[in-house]
Amino acid sequence: MPVNIADIRREYHCAALTKADVDPDPVRQFERWLSEAIRAEVPEPTAMTLATADADGRPSARIVLLKGASPEGFVFFTNYESRKGRELAARPDAALLFHWVELERQVRVEGRIAKVPAAESDAYFASRPLLSRVGAWASPQSRVIPDRAWLEHEFATSRQRVAANGEDVPRPAQWGGYRLAPTVMEFWQGRSSRLHDRIRYRREDAHWRVERLAP
């Protein structure tokens with residue numbers, strides 16, 4: 001019998017969130033929630049949706065992995081020539097979304113994006129597993145390719161090319177990191193009867209304004 005997806009719903013009851021609960025700094029509040037997600041063994045706790053838009057304002061979104069969080073911003077790595085890289089070059093505004101289903105929590109982050117320094121990209125690239133580094137050379141991310149066999153051939157060719165250097169695989173020029181500097185962050189805690197708790201931080205010069213939003 002077909003499932004009526006409009007009837008799929010659940011009640012939320014894990015926790016509450018008030019302005020008195022949260023840290024005055026949203027990055028420290030995020031680190032607190034991320035640590036709790038890791039301790040709770042949430043699958044892929046650093047997975048986040050990255051939303052971008054092209055020069056005409058058409059949006060797109062995909063999942064990427066967070067690789068660093070600090071007062072300066074949220075860091076991830078990718079191919080600069082991918083669709084997201086091209087869109088960020090045209091419009092360096094973006095949004096992130098973390099969704100920790102088991103904890104009934106979401107975190108939204110909005111801000112401006114810039115490439116991280118080359119030395120930072122080099123250091124992270126060197127820390128990746130060897131085959132991941134080879135894959136960065138083999139894949140023309142987001143481009144149309146003939147088939148899976150073509151990709152596997154490119155991977156084998158790239159692996160053979162770097163074999164002479166052992167594990168010393170240099171970072172491709174088209175691959176590196178981005179840092180999103182937040183201007184808005186929102187913390188969402190699911191509550192019963194859809195009366196969810198929402199706490200928003202807005203950057204005002206060097207300070208953060210903390211506000212409660214209606215669900």
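Per Stokes-Einstein, at 20 °C and 1.002 mPa s, what whole-number D in µm² s⁻¹ belongs to the chain, with the Kirkwood radius over Cα pairs as the hydrodynamic radius? Let's see the in-between values first.
On the way: Rh = 19.5 Å.
For the chosen part, D equals 110 µm²/s.
Simple point charges give the picture: +1 on the Cβ of Lys and Arg, -1 on the Cβ of Asp and Glu, and for region 4-96 a dipole about the Cα centre of about 180 debye. Among 70-76, 125-131, the peptide with the highest mean count of other Cβ atoms within 10 Å heads the list, and the full ranking is 70-76, 125-131. Taking a sphere under 11 Å around the Cβ of W137 and counting the other residues whose Cβ falls inside, with K and R at +1 and D and E at -1, yields a net charge of +3. Dipole magnitude for region 105-149: computed about the Cα centre from +1 point charges on Lys and Arg Cβ and -1 point charges on Asp and Glu Cβ, it is near 180 debye. Under 15 Å from a label point set 7 Å out along the Cα-to-Cβ vector of A55, the amide N atoms of region 91-109 belong to 91-92.
In the full protein context, the chain carries 58 Å² of accessible surface per residue, based on a 1.4 Å probe and ignoring ligands, DNA and RNA.
Rounded to the nearest 20 debye, the dipole size of region 48-196 about its Cα centre is 180 debye, using +1 on the Cβ of Lys and Arg and -1 on the Cβ of Asp and Glu. With contacts taken as Cα pairs under 8 Å and at least 6 residues apart, region 67-121 reaches a relative contact order of 23 percent.
Tell me the relative contact order for region 1-123 as a rounded percent, counting alpha carbon contacts under 8 Å between residues six or more apart.
Values: 132 pairs, mean separation 25.4, N = 123.
Across region 1-123, relative contact order equals 21 percent.
Tell me, in nm to one decimal, what length is gained between R28 and A149 on full extension, where the rule is 0.36 nm per residue of separation less the Cα-Cα distance? Each step should come with its number before you reach the end.
Values: separation 121, 0.36 × 121 = 43.56 nm, distance 4.56 nm.
Stretched out fully, the R28 to A149 stretch lengthens by 39.0 nm.
Within region 60-160, all pairs of alpha-carbon atoms sorted by distance into 10 Å bins from zero give the percentages 12, 38, 34, 16, 1.
The 1.4 Å probe gives accessible areas that order D197, D147, largest first, as D147, D197.
Extension gain for the segment A123 to A40, taken as residue separation times 0.36 nm less the Cα-Cα distance, is 26.9 nm to one decimal. Overall, the accessible surface of the chain at a probe of 1.4 angstrom is composed of carbon and sulfur to the extent of 53 percent. Projecting the Cα atoms of P24, A37, A123 onto the dipole axis of the chain, where Lys and Arg carry +1 and Asp and Glu carry -1 at the beta carbon, places P24 farthest toward the positive end.
Using heavy-atom solvent-accessible surface (probe 1.4 Å) with all chains present, what is the largest-first order of D21, D168?
On the way: D21 75, D168 105 Å².
Result, largest first: D168, D21.
Computed from the C-beta positions of R194 and D21 and an R0 of 22 Å, the FRET efficiency is 0.65 to the nearest 0.05. Per-residue ellipticity at 222 nm from helix content only, as computed over the chain with -39500 (n - 2.57) for each DSSP H run of at least four residues, stands at -8000 deg cm²/dmol. Relative contact order of the chain: 25 percent, from C-alpha pairs under 8 Å at least 6 residues apart in sequence.
If the viscosity is 1.567 mPa s and the temperature 4 °C, what translational diffusion coefficient in µm²/s does Stokes-Einstein give for region 120-215 when Rh comes from Kirkwood over Cα pairs? Using the Kirkwood radius from Cα pairs, D works out to 74 µm²/s.
What is the list of residues in region 20-54 whose amide nitrogen lies under 20 Å from a point 7 angstrom out from the Cα of E102, following Cα to Cβ? Backbone N within reach: 30-49.
The values are calculated or read from the model by the stated rules, or taken from the named source; none is laboratory data. Treat the numbers as computed from the prediction; the structure is a model and nothing was measured. As a convention, Cβ positions derive from the backbone with ideal geometry for all residues, glycine included, and neighbour counts pool all protein chains shown. The accessibility values were calculated without ligands, DNA or RNA, using every heavy atom of the protein model including side chains. Shrake-Rupley method; radii C 1.70, N 1.55, O 1.52, S 1.80 Å.
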